[in-house]
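Notes to accompany the following structure.
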Amino acid sequence: MKEISVSGQKRATTGKKASKEMRKEGLVPCNLYGEKKNENGQPEAMAFAIPASQLRRVVYSPDVYVVNITIDGEAHKAVMKELQFHPTTDALLHVDFYEVNDEKPITIGIPVKLVGHAQGVRDGGRLSQAVRTLNVTAPYKQIPEVLNVDVTELKLGKAIKVAELNFDGLQIATPSQVVVCSVKATRASRSAAAAEAAQ
């Protein structure tokens, strides 16, 4: 996974009013959830803020990053887990980060890239990608930037499901019955099949 570094400061005050003031100053309110648990056993959040300009590259990108966050001089490694956007302006309102380490597995969505020229496309069909990301579980250092799915053998009218995929060192967390891609028949492929059948 790619890494990126940002720096922020702890928030002295939380709540809607304080968050609104921060956003006016070009800051994005964030929470960092780590190993620390509260009395209910839930992960305890560290409230902090990062300049919106520093988050643009991480948020508005198809890539998935491990984020090196320095908060008041203290270093943390984390991944983005939840983003909140304004419903009408699409402005970034809030980010939740989850702390990671070398051993602890994390579950995260990784982009899927279809590689190869499908047999079904050579036969006149159209390749359709049903999902853009797959959730995988592993320590973050084992997680690749992209998941390559070979479609070379995919025939007309057939699909590749999650159950058929296997990636070294990764456990796929997306349900096994989910269709990743398929080759659909087109008018041209149906005409060719009909002509072949008539011979």
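A few comments on the model shown:
- Pairs where the first residue, in the range 157-170, is over 26 Å from E103 (Cα atoms) and the second is among the acidic types (D, E), C-beta under 6 Å, 6+ apart: none
- Inside the range 74-90, residues that are under 17 Å from V28 (Cβ atoms), free of Cβ contacts under 8 Å to residues at least 24 places away in the same chain and in contact with a strand residue (DSSP E or B) (Cβ under 8 Å, 6 or more places away or on another chain) make up a count of 5.
- Selection within the range 148-193 - open to solvent by 60 Å² or more (accessible area, probe 1.4 Å), modelled with pLDDT under 90 and either among the hydrophobic types (A, V, I, L, M, F, W, C) or under 17 Å from Q129 (Cβ atoms) (or both): A188
- Test: V112 is at pLDDT 95 or above and either of a type in the set (V, I, T) or surrounded by fewer than 16 Cβ atoms within 10 Å (Cβ to Cβ) (or both): yes
Okay, residues lined up against (1) in the same structural domain as K155 (by the TED database); (2) surrounded by fewer than 14 Cβ atoms within 10 Å (Cβ to Cβ); (3) at pLDDT 90 or above; (4) of a type in the set (A, V, I, L, M, F, W, C):
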residue	(1), (2), (3), (4)
E44	no, no, no, no
K77	no, no, yes, no
T89	no, yes, no, no
V95	no, no, yes, yes
G125	yes, no, yes, no
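The values are calculated or read from the model by the stated rules, or taken from the named source; none is laboratory data. Remember, predicted model here, so these are calculated numbers, not experimental data. Cβ: placed from backbone, ideal geometry, glycine included. Neighbour counts: every protein chain shown. Keep in mind that these areas ignore ligands, DNA and RNA; they rest on the heavy atoms of the full protein, side chains included. Shrake-Rupley method; radii C 1.70, N 1.55, O 1.52, S 1.80 Å.
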